[in-house]
1. Given a 1.4 Å probe and every protein chain left where it sits, what share in percent of the accessible area of the stretch 42-94 is carbon and sulfur?
2. Residues in the stretch 4-37, backbone N under 14 Å from the label point at Arg74 (7 Å along the Cα-to-beta-carbon vector): list them, ranges by number please.
3. Using Cα centres only, tell me the gap between the stretch 1-32 and the stretch 62-94 in whole Å.
4. Could you work out how far helix 47-64 tilts from the main Cα principal axis of the chain, as a 0 to 90 degree angle to the nearest 10?
5. Between Ala89 and Lys15, how many nm apart are label points set 7 Å from Cα along the C-beta direction?
6. Add -39500 (n - 2.57) for each DSSP H run of 4 or more in the chain, then divide by its residues: what number comes out at 222 nm, to the nearest 500 deg cm²/dmol?
7. Output the relative contact order of the chain, whole-number percent, from Cα pairs under 8 angstrom with separation of 6+ residues.
8. Of Ser8, Pro83, Gln42, whose Cα points farthest to the positive end of the dipole of the chain (charges on the beta-carbon: +1 Lys, Arg; -1 Asp, Glu; origin at the Cα centre)?
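The values are calculated or read from the model by the stated rules, or taken from the named source; none is laboratory data. Being a predicted model, the structure only gives us computed values, none of them experimental. Here Cβ is always computed from backbone atoms with ideal geometry, including for glycine, and neighbour counts include all displayed protein chains. Side chains are part of the model used for accessible areas, which takes the heavy atoms of the whole protein and leaves out ligands, DNA and RNA. Shrake-Rupley method; radii C 1.70, N 1.55, O 1.52, S 1.80 Å.
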Amino acid sequence: MIGKRIFSGFASEEKVGYARAVVVDDWVFVSGTTGFDPETKQFPADVETQCENCFRNIERALKEAGSSLDDLVRVLIFIANEPDFERIAPIIRK
């Protein structure tokens, strides 16, 4: 059985049955997080801001689950352009 579901408010979540995070026992699984800015409803043009937004969106979901970025075990990151990795590496390291 799926545990507590945490929604981000993205319009398509209800349509496709998607939740930003799911809490199962003592674990929080967060998925599908992008650089989308939920306040402006846009994707920023630069990769650094998109990366910062990803971590803010993850942090929001974790906080709602009673957890935090300090509890991260693993992050899987996809980038469209390999050279951008050097630009976001310091953000990931934080």
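1. Working: 2120 of 4090 Å².
With neighbouring chains kept in place, the figure for the stretch 42-94 is 52 percent.
2. Those under the cut-off are 28-31.
3. 18 Å
4. 20 degrees
5. That separation, rounded to one decimal, is 3.9 nm.
6. Numbers: 3 runs with 33 residues, N = 94.
Value at 222 nm, helices only, nearest 500: -10500 deg cm²/dmol.
7. On the way: 100 pairs, mean separation 20.6, N = 94.
Relative CO of the chain lands at 22 percent.
8. Ser8
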